[in-house]
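The values are calculated or read from the model by the stated rules, or taken from the named source; none is laboratory data. A quick note: this is a predicted structure, and the numbers were derived from the prediction, not measured. Every residue, glycine as well, gets a Cβ built from its backbone with ideal geometry; the counts of neighbours run over all protein chains shown.
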Amino acid sequence: MKYKLIIDKNAEEEITVIARSSSPLTEKIENLVRSYAGSNDIIIGHNEDEIRKLTFGEIECITVIDRKVTAIDRQGIRYIVRERLRDLEEILPSYFVRINKSTLANEHRIKKFDVTFNGGVDAVFKCGYREYVSRRCFREIRRRYEGL
């Protein structure tokens with residue numbers, strides 16, 4: 001592994017990482033750069049009772065329920081989020097993966113994948129929430145795991 005740091009007061013700051021594949025180290029670097037660059041690791045969610053800051057690590061998944069973007073936390077509590085799903089996809093760390101057209105899942109919080117009676121696949125989260133996984137997304141997730 002090579003490491004190169006160039007300090008130039010006149011240059012625009014740029015961080016480039018070239019790696020053969022994603023690893024825990026590349027994820028840590030990505031999270032560090034995102035947090036330093038002003039991209040917070042929180043989103044604001046609200047439900048009937050409260051408004052709360054949700055850190056990315058405590059979010060099980062972000063999905064669309066009744067045409068509203070909803071974040072589900074570790075206890076299974078649902079919070080409505082003001083951001084669009086595609087905007088969130090750009091700022092979320094790499095451990096959030098798309099599992100269907102309207103859901104981004106925290107892969108660290110997926111407990112297992114269950115095969116349903118009709119041949120589909122559901123992602124079961126540690127909080128107990130279940131969400132279907134589209135065939136196209138499941139193919140990508142499988143490729144991701146095979147690369148480990």
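Based on what the data block shows, is Arg84 surrounded by fewer than 16 Cβ atoms within 10 Å (Cβ to Cβ), among the charged types (D, E, K, R) and in contact with a Cys (Cβ under 6 Å, 6 or more places away or on another chain)? No. Restricted to segment 122-140, and to residues there that are touching a helix residue (DSSP H, G or I) at 6+ places or on another chain (Cβ under 8 Å) and touching a residue at least 40 places away in the same chain (Cβ under 8 Å), the residue that is farthest from Ser21 (Cα to Cα) is Cys127. Pairing residues of segment 107-121 that are farther than 19 Å from Glu60 by Cβ with residues that are of a type in the set (Phe, Trp, Tyr) and surrounded by 13 or more Cβ atoms within 10 Å (Cβ to Cβ), at Cβ distances under 8 Å and at least 6 apart in sequence or on separate chains, gives Thr116/Tyr132; Gly120/Tyr132. Considered as a group, the residues in segment 61-78 that are touching a Leu at 6+ places or on another chain (Cβ under 9 Å) and over 12 Å from Lys101 (Cα atoms) include one that is surrounded by the fewest Cβ atoms within 10 Å (Cβ to Cβ), and that residue is Asp73.
Meeting the requirement of 2 or more residues that are of a type in the set (S, T, N, Q) and at negative phi, the strands (runs of 3 or more DSSP E) wholly within segment 44-138 are 103-106. Number of residues in segment 101-114 that are in contact with a strand residue (DSSP E or B) (Cβ under 6 Å, 6 or more places away or on another chain), surrounded by fewer than 19 Cβ atoms within 10 Å (Cβ to Cβ) and not small (Gly, Ala, Ser): the value is 5. For Val124, the conditions (1) out of contact with any Lys or Arg (no Cβ under 6 Å at 6 or more places or on another chain); (2) at pLDDT 95 or above all hold with the exception of (1). Scanning segment 11-26 for residues that are of a type outside the set (A, V, I, L, M) and at pLDDT 80 or above yields Thr16, Arg20, Ser21, Ser22, Ser23, Pro24, Thr26. Scanning segment 41-52 for residues that are in contact with a Ser or Thr (Cβ under 9 Å, 6 or more places away or on another chain) and at pLDDT below 85 yields one hit, Asp41.
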